Amino acid sequence: MGQMVEVECAVIESVKFPQMREMVVDAVRAFSDVEHQWRQWVWRMDPRIVDNFMMQVNALDDLQMREFPHNAVGDVLRNVREADAFGPFNKALERLFDKYGTELSDREYLNLAEWLPVVTAAKKLLAILLDEE
């Protein structure tokens, strides 16, 4: 008889709606990149790109990533780890909204001391979504 060889194989976790996942990743990427935020949300340096703070918030809201990220596991998120990773990001954003509301300009949000925790949480979340952590 032949020798049995154990092969380690990575489990690939797929999602039902990869285009929606890409929308989520793009939104989180926008929240994690302060340079992009100033270039596009405030200064609108590339008129071909339509992007702003509330557009990204609404994209996450539409896909229920801020309220019910765990419901998206299998559809948009690959696993519970990704859903859990939304917790700190969502809390940072909620603290910002609780203190300042949702009517400030993009420039005003970016100038707040409370903006840094949103960006930091988004960077950690993005790393998990991209499997870089």
>> Based on this model, can you work out whether Met65 counts as at pLDDT 95 or above, open to solvent by less than 90 Å² (accessible area, probe 1.4 Å) and touching a Phe, Trp or Tyr at 6+ places or on another chain (Cβ under 7 Å)?
In response: yes
> If the Cβ limit is 7 Å and pairs must be 6+ apart or interchain, which residue in region 32-43 that is farther than 18 Å from Pro117 by Cβ pairs with which residue that is open to solvent by less than 60 Å² (accessible area, probe 1.4 Å) and not hydrophobic (A, V, I, L, M, F, W, C)?
Replying inline: Gln40/Asp46; Gln40/Asp51; Val42/Asp106
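Residues are listed down the side, and each one gets a yes or a no for (1) modelled with pLDDT under 95; (2) within 18 Å of Asp131 (Cα to Cα); (3) not β-branched (Val, Ile, Thr):
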residue	(1), (2), (3)
Met1	yes, no, yes
Met4	yes, no, yes
Glu22	no, yes, yes
Val25	no, yes, no
His36	no, no, yes
Pro47	yes, no, yes
Met55	no, no, yes
Val73	no, yes, no
> Could you list, in sequence order, the residues of region 75-104 that are in contact (Cβ under 8 Å) with a residue 60 or more places away in the chain, under 20 Å from Asn58 (Cβ atoms) and open to solvent by 30 Å² or more (accessible area, probe 1.4 Å)?
Replying inline: Asp75
> Yes or no: Gln64 among the polar types (S, T, N, Q) and part of a helix (DSSP H, G or I)?
Replying inline: no
>> If the requirement is being within 14 Å of the chain's Cα centre (by Cα) and farther than 22 Å from Pro18 by Cα, which of these qualifies: Pro117, Pro69?
In response: Pro117
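The values are calculated or read from the model by the stated rules, or taken from the named source; none is laboratory data. Here the structure is a predicted model, which means the values were calculated and not measured. Here Cβ is always computed from backbone atoms with ideal geometry, including for glycine, and neighbour counts include all displayed protein chains. Side chains are part of the model used for accessible areas, which takes the heavy atoms of the whole protein and leaves out ligands, DNA and RNA. Shrake-Rupley method; radii C 1.70, N 1.55, O 1.52, S 1.80 Å.
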